Amino acid sequence: MVKVVRAVQQCKKCNVPFSWNNIYRSFWGWVYKPIICENCGMKHRITVSGRFIVTLLTILPMLIFVNFLSPFNNVLLTFSIGVFLAFIGSLLTPFLVRFKGA
Ligand SMILES: [Zn+2]
């Protein structure tokens with residue numbers, strides 16, 4: 001049997017998986033907030049590579065689309081779709097980003 005890899009990271013202390021919501025919320029705001037385990041209260045911080053992944057999945061697709069790929073002459077439409085792409089990318093980040101115990 002192939003062991004199924006958990007999509008979302010577990011708590012370093014009690015091994016309870018973080019909820020998608022819990023991780024997703026930590027990405028919003030000007031600084032990355034630590035994730036606090038809903039079960040035991042242990043804090044986790046995003047890793048440097050995790051921050052890199054968040055940037056890669058959100059800001060980068062938006063910039064590439066807005067600067068190079070947009071077929072539209074309408075600035076507002078171009079930016080709207082750019083923001084939409086960033087939003088889609090951000091939905092995937094909780095599955096890819098990893099945390100370390102704080
Ligand atoms: Zn825990």
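Find the residue count for segment 22-80, including only residues that are basic (Lys, Arg) and over 14 Å from Cys11 (Cα atoms).
To start, the set of residues in segment 22-80 that are basic (Lys, Arg) comprises 25, 33, 43, 45, 51.
From the residues that got through so far, the ones that are over 14 Å from Cys11 (Cα atoms) too are 25, 33, 51.
Qualifying residue count for the region: 3.
Please note which helices (runs of 4 or more DSSP H) are completely contained in segment 18-102 and include at least 2 residues that are within 16 Å of the ligand (Cβ to nearest atom).
Values: elements: 20-26, 48-64, 75-96.
So the answer is 20-26.
Return yes when Val66 is surrounded by 16 or more Cβ atoms within 10 Å (Cβ to Cβ), touching a residue at least 40 places away in the same chain (Cβ under 8 Å) and among the aliphatic types (A, V, I, L, M) and no when it is not. Break it down into steps so the answer makes sense when it comes.
On the way: surrounded by 16 or more Cβ atoms within 10 Å (Cβ to Cβ): yes; touching a residue at least 40 places away in the same chain (Cβ under 8 Å): no; among the aliphatic types (A, V, I, L, M): yes.
Criteria not met by Val66.
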How many residues, within segment 72-102, are surrounded by 15 or more Cβ atoms within 10 Å (Cβ to Cβ) and β-branched (Val, Ile, Thr)?
4
Mind listing whichever residues of segment 21-33 are over 17 Å from Phe84 (Cβ atoms) and loosely packed, with under 14 Cβ neighbours inside 10 Å?
Asn21, Arg25, Gly29, Trp30, Val31
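Read-outs: derived from the displayed coordinates by stated rules, not from any lab. Computed from a prediction, not measured in an experiment: that's the story for all the values here. So basically every Cβ, Gly included, is an ideal-geometry build from the backbone, and we count neighbours across all protein chains shown.
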